[in-house]
Amino acid sequence: MNTPFLLQVLCGLGNAVLILALAPFCEGLLRKLTARIQSRQGPPLRQPYYDLLKLLGKEDLESGEVPGMQRFAVFLSLAVILSLAFLIPMGFFAPLSGAGDVLLVVYLMALSGICTLLAGLAAGSTYSVLGISREMMTMIALEPILAIAIVVGAIHAGSFNLDAALSGSVYRTQGIPWSGLILLGVLLLSFQAFVQRVPFDITEAETEIMEGPLMEYSGPKLALFKYAQMSKLLVYSALFVSLFVPWGNRLPFPLGWAWFWFKVLGIVGLVTVIAATHARYRIDQAIRFFAGLLAVALMALILASYGY
Amino acid sequence: MSVLSKLKEAVICLKAGRVTLPYPSESRPVPARFRGRPLFDPAKCIGCAGCANNCPAREILVEDLCQEIRIIRYLGRRCTYCGRCADVCPEKAITMSPEFENATNHIGDIQQRIELFMSTCQRCGRCFKEPGFLDQLKAKGYRFDDVQHERWILRSQAYLATEPTVDDIKIDLD
Amino acid sequence: MTSKSISIEMLKNLCQKMFGRSLWVYHANSGGCNGCDIEVLNVLTPFYDAERFGIKLVGSPRHADVMLCQGPAMRATAKALQRAYEAMPAPKLVFAIGSCACGGGIWHDTYSVLGPVEKLLPVNFYIPGCPPRPEAIIYGVAVAVGLVDKKAAPVQFKQIELPIPRYHPNDLRGRDELVVYEKVDRV
């Protein structure tokens, strides 16, 4: 696409602002739906906005081993999520498609896991280190699955360009798209782990390790971290929808864009229902589960390389 | 598949509706014989100090100000709402009311204080108080808890010192 | 410059107003019998649902606004309780739940109890009861946030000084068995 650079930047900025405005609303929806499934009234839908504003007004205590790294980890995590908003096509073309290709998206997703690692290292207490060791184990098993999904899309589309590879290209084979369907199943089963919700939210387990890496954060930095977590849910859902649920993307601009966000909200609802009805897995059970899924994903990669 | 059974579970829970009691706007009636805050009725109290003798948390303080005036003060801080004072009172002047909404930001808000006239004996005209201070300490009915500073005094130790009733243990907290 | 400081003032006011709408709670039991613990846990169940006020239970004192203290101040846990209080960021509140935290409870004179929680920490709110009903705890939080009015007030009764007839030894006339009262109306 030969759209002018300024338009691309503006579209990216619009994406980022929309994600920032919508993320607490999705979290509120998640909490309200969880409460309704548990037969209780639940907080008002605007509760996460109140939470974030209250956290901004609290005192900022710098504590832990390395306070400078604490600051760095927080800003880096929010920055990584928002730069993903500039790269993923959300209802229209990918805003900064000239700036990188799908491998950049894979690395940015790995970087958001590294941010949690930095946050836990900056705190330096026993619980934080336990939390980040579990996060690293999960990441080793999990990031290859998403990378394989994106690469299969690139194989079928024939290029690493963002627009081509990320718009439903896993289904673009002659005949029945076996690799696409296998990968759809694999990602549906492991999506909860990417967005860090029950049953796979082992790093931020409140009851077990006292919120692990986030233990030493207070006030505005905690607000930014929570914001980053909420935005992560939306961005990953957008990526999932653009990879695996592309039907209806060719509609003209306002309709196609609204339809895209409707699909994203549907994915958020699915995440909520699964999160409210399951219990948390232990780390060894989770690793065994992901190892099985990784084997199936590798099989899908081999099938894709043969053209199926 | 376990995911399907979990989704069925979600549908079943949704059918239960909302069971939340919207508490500050609506409240449930308390069960019968519920023991809330004790209420002292000064019209019926005869000043026998039976409640103070029997309180397990020593929350009722009694002091004889002078020959005829006896102060009974109920501090609500450590009351465990056991109801022994109401059981023991010979005139049924204490009732355990069903009030449980006692939260406050100043702990002195829950206290109740009664000042009573104690009458003299109708035959001999003497009051129930010995004239001398040492004789007063030996008399069975004389009470001298420090109502103003909220300290109860052990009657077995016949000294009115300025010592606090609970040991203030000095610990160094860094 | 002034418009920037005005907007910062507005943001600060907004943040302070939001404090009452989303209280994050840290629960610290320093040696109680766990009766009040169970009542606090009851408040978080679907029947009494504390989350509709925005209250969330957090695991770390650094994330919390309110510390719910139960149990009296004990010699063994005094330092730990003070450290947890210092770890909370300002603005912070301390609620003392139960008779043990408000005044020492029924254990106030045992060997390991230092006294009520206010010997170690400045307490903002007292919720007495043994244990307080879940409704009483919710009522206490609602009063602290400002939703309802306080109901407890001190009660004092002074017997009105009526001129009652008093028999005084000075009014006795006569000797030995012929003691007779000459009633004098004196107050």
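Looking only at residues in region B:58-83 that are among the β-branched types (Val, Ile, Thr) and touching a Phe, Trp or Tyr at 6+ places or on another chain (Cβ under 9 Å), which one is nearest to residue B:45 (Cα to Cα)?
Among them, the one singled out is B:72.
As an exercise: evaluate residue C:170 against (1) at pLDDT 80 or above; (2) within 9 Å of chain B (Cβ to nearest Cβ) and give the number of the one condition it does not meet.
For residue C:170, the exception is condition (1).
Hey, among the residues in region A:84-111 that are surrounded by fewer than 22 Cβ atoms within 10 Å (Cβ to Cβ) and of a type in the set (Gly, Ala, Ser), which one's nearest to the chain's Cα centre (by Cα)?
That would be A:110.
Between a first residue in region C:143-160 that is over 22 Å from residue C:124 (Cα atoms) and a second residue that is modelled with pLDDT of 80 or more and among the hydrophobic types (A, V, I, L, M, F, W, C), which pairs have beta carbons less than 6 Å apart while being 6 or more apart in sequence or on different chains?
Qualifying pairs under 6 Å: C:157/B:114; C:159/B:116.
Is it the case, given these coordinates, that residue C:163 is more than 7 Å from chain B (Cβ to nearest Cβ), modelled with pLDDT under 85, over 28 Å from residue C:44 (Cβ atoms) and surrounded by fewer than 18 Cβ atoms within 10 Å (Cβ to Cβ)?
Answer is yes for this residue.
Say we look at region A:153-162 and pick out the residues that are more than 19 Å from the chain's Cα centre (by Cα) and part of a helix (DSSP H, G or I); which of these is farthest from residue A:99 (Cα to Cα)?
Only one residue fits best here, namely A:156.
If I filter region A:240-256 for residues that are touching a Pro at 6+ places or on another chain (Cβ under 8 Å) and either surrounded by 16 or more Cβ atoms within 10 Å (Cβ to Cβ) or under 20 Å from residue A:88 (Cβ atoms) (or both), do I get at least one hit?
Yes, region A:240-256 contains at least one residue that is touching a Pro at 6+ places or on another chain (Cβ under 8 Å) and either surrounded by 16 or more Cβ atoms within 10 Å (Cβ to Cβ) or under 20 Å from residue A:88 (Cβ atoms) (or both).
Residue pairs, Cβ under 6 Å, 6 or more apart or interchain, first in region A:151-165 and in contact (Cβ under 8 Å) with a residue 24 or more places away in the chain, second of a type in the set (S, T, N, Q) and assigned to a helix (DSSP H, G or I). List them.
Sorted first by the residue in region A:151-165, then by its partner, the pairs are A:152/A:179; A:153/A:169; A:156/A:169.
Give A:202, A:176 a once-over and let me know the one that is more than 14 Å from chain C (Cβ to nearest Cβ), part of a loop (DSSP other than H, G, I, E, B) and surrounded by fewer than 20 Cβ atoms within 10 Å (Cβ to Cβ).
Exactly one of A:202, A:176 is more than 14 Å from chain C (Cβ to nearest Cβ), part of a loop (DSSP other than H, G, I, E, B) and surrounded by fewer than 20 Cβ atoms within 10 Å (Cβ to Cβ), namely A:176.
Scanning for something at pLDDT below 90, at the interface with chain B (Cβ under 9 Å from one of its Cβ atoms) and over 14 Å from the mean Cα position of the chain (by Cα), does region C:86-106 turn up at least one residue?
The answer is yes, given that some residue of region C:86-106 is at pLDDT below 90, at the interface with chain B (Cβ under 9 Å from one of its Cβ atoms) and over 14 Å from the mean Cα position of the chain (by Cα).
If the requirement is being within 20 Å of residue C:116 (Cα to Cα) and buried (at least 18 other Cβ atoms within 10 Å of the Cβ), which of these qualifies: B:68, B:59?
B:59
Give A:296, A:245, A:268 a once-over and let me know the one that is β-branched (Val, Ile, Thr), closer than 30 Å to residue B:13 by Cβ and at pLDDT 90 or above.
Only one candidate qualifies: A:268.
Please state which of the following conditions residue A:219 fails to meet, knowing it meets all the rest: (1) closer than 26 Å to residue A:54 by Cβ; (2) within 20 Å of the chain's Cα centre (by Cα); (3) surrounded by fewer than 22 Cβ atoms within 10 Å (Cβ to Cβ).
With (1) closer than 26 Å to residue A:54 by Cβ; (2) within 20 Å of the chain's Cα centre (by Cα); (3) surrounded by fewer than 22 Cβ atoms within 10 Å (Cβ to Cβ) applied to residue A:219, the lone miss is (2).
Can we say residue A:146 is at pLDDT 85 or above, assigned to a helix (DSSP H, G or I) and within 14 Å of chain C (Cβ to nearest Cβ)?
Against the criterion (at pLDDT 85 or above, assigned to a helix (DSSP H, G or I) and within 14 Å of chain C (Cβ to nearest Cβ)), residue A:146 does not qualify.
As an exercise: evaluate residue B:13 against (1) facing another protein chain (nearest Cβ under 10 Å); (2) part of a loop (DSSP other than H, G, I, E, B) and give the number of the one condition it does not meet.
Condition (2) is where residue B:13 drops out.
Could you list, in sequence order, all residues of region A:177-195 that are among the aliphatic types (A, V, I, L, M) and either under 20 Å from the mean Cα position of the chain (by Cα) or closer than 16 Å to residue A:150 by Cβ (or both)?
A:182, A:183, A:184, A:186, A:187, A:188, A:189, A:193, A:195, listed by residue number.
Exactly one condition in (1) away from every other protein chain (no Cβ under 12 Å); (2) in a helix (DSSP H, G or I); (3) without any contact (Cβ under 8 Å) to a residue 24 or more places away in the chain is false for residue B:33; which is it?
For residue B:33, the failing item is (2).
Give me the residue from region C:116-133 that is surrounded by 22 or more Cβ atoms within 10 Å (Cβ to Cβ) and not in a loop (DSSP other than H, G, I, E, B) and, out of that set, farthest from the other protein chains (Cβ to nearest Cβ).
Result: C:117.
Testing residue C:77 on (1) closer than 28 Å to residue A:123 by Cβ; (2) of a type in the set (Ser, Thr, Tyr); (3) in contact with a Lys or Arg (Cβ under 7 Å, 6 or more places away or on another chain), one condition comes back false. Which one is that?
(3)
Looking only at region A:33-63, which residues are part of a helix (DSSP H, G or I), within 8 Å of another protein chain (Cβ to nearest Cβ) and not charged (D, E, K, R)?
A:35, A:37, A:47, A:50, A:53, A:56
Here's the yes/no breakdown for (1) within 30 Å of residue A:269 (Cβ to Cβ); (2) of a type in the set (A, V, I, L, M); (3) within 14 Å of chain C (Cβ to nearest Cβ); (4) not in a loop (DSSP other than H, G, I, E, B):
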| site | (1), (2), (3), (4) |
| --- | --- |
| B:5 | yes, no, no, yes |
| B:8 | yes, no, no, yes |
| B:21 | yes, yes, yes, no |
| B:48 | no, no, no, no |
| B:51 | no, no, no, yes |
| B:57 | no, yes, yes, no |
| B:76 | no, no, yes, no |
| B:80 | no, no, yes, no |
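Yes/no matrix, rows are residues, columns are (1) loosely packed, with under 15 Cβ neighbours inside 10 Å; (2) closer than 23 Å to residue C:148 by Cα; (3) among the basic types (Lys, Arg):
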| site | (1), (2), (3) |
| --- | --- |
| B:36 | no, yes, no |
| B:46 | yes, no, no |
| B:52 | no, no, no |
| B:55 | no, no, no |
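Name the pairs: first residue in region A:266-289 and in contact (Cβ under 8 Å) with a residue 40 or more places away in the chain and facing chain B (nearest Cβ under 10 Å), second residue among the acidic types (Asp, Glu) and not in a loop (DSSP other than H, G, I, E, B), Cβ to Cβ under 9 Å, at least 6 apart or on different chains?
Close Cβ pairs satisfying both conditions: A:277/B:9.
Taking region B:89-108 on its own, how many of its residues are of a type outside the set (Gly, Ala, Ser) and in a loop (DSSP other than H, G, I, E, B)?
Residues that pass the stated criteria total 11.
Counting residues that are surrounded by 20 or more Cβ atoms within 10 Å (Cβ to Cβ), which helices (runs of 4 or more DSSP H) fully inside region C:1-109 reach at least 2?
Per the criteria, C:35-43, C:78-86, C:99-103.
Could you please give the count of residues in region C:44-54 that are under 22 Å from the mean Cα position of the chain (by Cα) and either at pLDDT 90 or above or of a type in the set (Phe, Trp, Tyr) (or both)?
The qualifying residues number 2.
The values are calculated or read from the model by the stated rules, or taken from the named source; none is laboratory data. Because the structure is a prediction, the values reported are computed rather than measured. Don't worry about glycine lacking a Cβ; one is built from the backbone with ideal geometry, like all the others, and counts go over all protein chains shown.
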